[in-house]
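Here the structure comes first, spelled out in structure tokens, and everything after it is commentary.
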Amino acid sequence: MNAVQEAARADAAPRSEQERLVERIGKYHTDLRLGIERDHQAQVFGQGRNFFHIENWYSIHGLIRLALRLALLHGRGQRNARDIRVERNVVAIHGLPDAFDGYTLLQLSDLHLDSAPDLTDHLVEAIRPLHYDACVMTGDYRARTYGSSDAALAALQKLRAQLRAPVYAIFGNHDSIRMLPAMEDMDIRVLLNETVRLERRGGHLYLSGIDDPHYYRADNLEKASQAIADGAASILLAHSPEIFRHAAHAGFDLMLAGHTHGGQICLPGGHPLLCNANCPRSFCSGAWQYNGMQGYTSRGSGVSVVDVRLNCPPEVTLHILGKA
């Protein structure tokens, strides 16, 4: 066998999952993320920006369900969790090219697709009639923070079939870096401290995405923003709003986040019992501003810990961009 044949055979050989990760995001990021996943999976206390991680304290999940049943709220909360609302957020951006005036982003966040078998169907029905130019997904595709991702990826494949291209995504604190090859095989462009330039009728807009800044703290804004031209309009995808100060000072015009679920179980009036993010309470849901940067934190379409929502409906969001 000559050298050309050997090279062709090597190219044809299937690459391992780790080889694909290293080729895609580099050895340093691969080793960092896999190492943290291995050392800190299912950790309840410590690691990340919050000391306490209720999603990993599985013994308390049953107590929460029992308390909701005793209060006669469990069934209602389950119905609420499947009543997905469509929110619209109009954003005026300085320096937005004329070609992107009216450009619409569909944001999906905190899907936790394997939390319950019917959640994907309700999400598909919510997005089916919507009109948008691109879809962005801001993390947390599976329910658990460790173990197999197969069920979540199968549900994501079903969802992807209903989404119009292009689709961009980032990872959250529930997601394994091992999901990256499968997601990109679905034609989902995952942004891991990276930026893409969106082109439209001669104009361009920069879309950046960072790895999870909450639990893994694998975010790198400096690397993500390197490709952005000075003065150009730019949008950042970050799983948690906790990175808001750094994002604003890095010059982003708009930041889209999730993670908080808006509290998921709230007091009347939408006041969350738990925000689960190290940021002002006003940044835990909906639109907000900081130091000239606009932000939006989605309540998400899925559920965590228990499959109920009270005074905090799930959402998918249409962000309509306009010139300031």
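Results, tabulated for the structure shown:
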item	result
Test: ALA154 is surrounded by fewer than 21 Cβ atoms within 10 Å (Cβ to Cβ) and under 18 Å from the mean Cα position of the chain (by Cα)	yes
Members of the stretch 168-188 that are part of a loop (DSSP other than H, G, I, E, B) and touching a Ser or Thr at 6+ places or on another chain (Cβ under 9 Å)	GLY172, ASN173, HIS174, ASP175, SER176
Condition check for ALA165: touching a helix residue (DSSP H, G or I) at 6+ places or on another chain (Cβ under 9 Å), part of a loop (DSSP other than H, G, I, E, B) and at pLDDT below 95	no
Those residues of the stretch 185-199 which are more than 15 Å from the chain's Cα centre (by Cα) and under 15 Å from GLN157 (Cβ atoms), in sequence order	ASP185, MET186, ASP187
Filter result for HIS122 (closer than 15 Å to VAL190 by Cβ and either within 13 Å of the chain's Cα centre (by Cα) or in a helix (DSSP H, G or I) (or both))	no
Search result, residues across the stretch 271-284 that are under 18 Å from THR317 (Cβ atoms), touching a Phe, Trp or Tyr at 6+ places or on another chain (Cβ under 9 Å), buried (at least 22 other Cβ atoms within 10 Å of the Cβ) and not aromatic (Phe, Trp, Tyr)	ALA277
Of all residues in the stretch 285-316 being among the polar types (S, T, N, Q) and part of a strand (DSSP E or B), the one that is surrounded by the fewest Cβ atoms within 10 Å (Cβ to Cβ)	GLN289
Number of positions in the stretch 227-261 that are part of a helix (DSSP H, G or I) and closer than 16 Å to ASN89 by Cα	0
Of all residues in the stretch 63-81 being in a loop (DSSP other than H, G, I, E, B) and modelled with pLDDT of 75 or more, the one that is nearest to HIS261 (Cα to Cα)	LEU73
Count - residues of the stretch 86-120 that are exposed (fewer than 15 other Cβ atoms within 10 Å of the Cβ), out of contact with any Asp or Glu (no Cβ under 8 Å at 6 or more places or on another chain) and either of a type in the set (A, V, I, L, M, F, W, C) or without any contact (Cβ under 8 Å) to a residue 24 or more places away in the chain (or both)	3
Any chance ASP219 is in contact (Cβ under 8 Å) with a residue 12 or more places away in the chain and either in contact with a Lys or Arg (Cβ under 7 Å, 6 or more places away or on another chain) or under 24 Å from ASP133 (Cα atoms) (or both)	no
Failed condition for ASP140, given (1) more than 21 Å from ARG309 (Cα to Cα); (2) buried (at least 23 other Cβ atoms within 10 Å of the Cβ)	(1)
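Matching residues to (1) on the phi < 0 side of the Ramachandran plot; (2) at pLDDT below 95; (3) surrounded by 24 or more Cβ atoms within 10 Å (Cβ to Cβ); (4) of a type in the set (Lys, Arg):
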site: ASP187; (1), (2), (3), (4): no, no, no, no
site: VAL190; (1), (2), (3), (4): yes, no, no, no
site: ASN193; (1), (2), (3), (4): no, no, no, no
site: SER208; (1), (2), (3), (4): yes, no, yes, no
site: ASP211; (1), (2), (3), (4): yes, no, yes, no
site: TYR215; (1), (2), (3), (4): yes, yes, yes, no
site: ALA218; (1), (2), (3), (4): yes, yes, no, no
site: ALA227; (1), (2), (3), (4): yes, yes, no, no
site: HIS239; (1), (2), (3), (4): yes, no, yes, no
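The values are calculated or read from the model by the stated rules, or taken from the named source; none is laboratory data. Just so you know, these numbers come straight off a predicted model, no measurement behind them. Here Cβ is always computed from backbone atoms with ideal geometry, including for glycine, and neighbour counts include all displayed protein chains.
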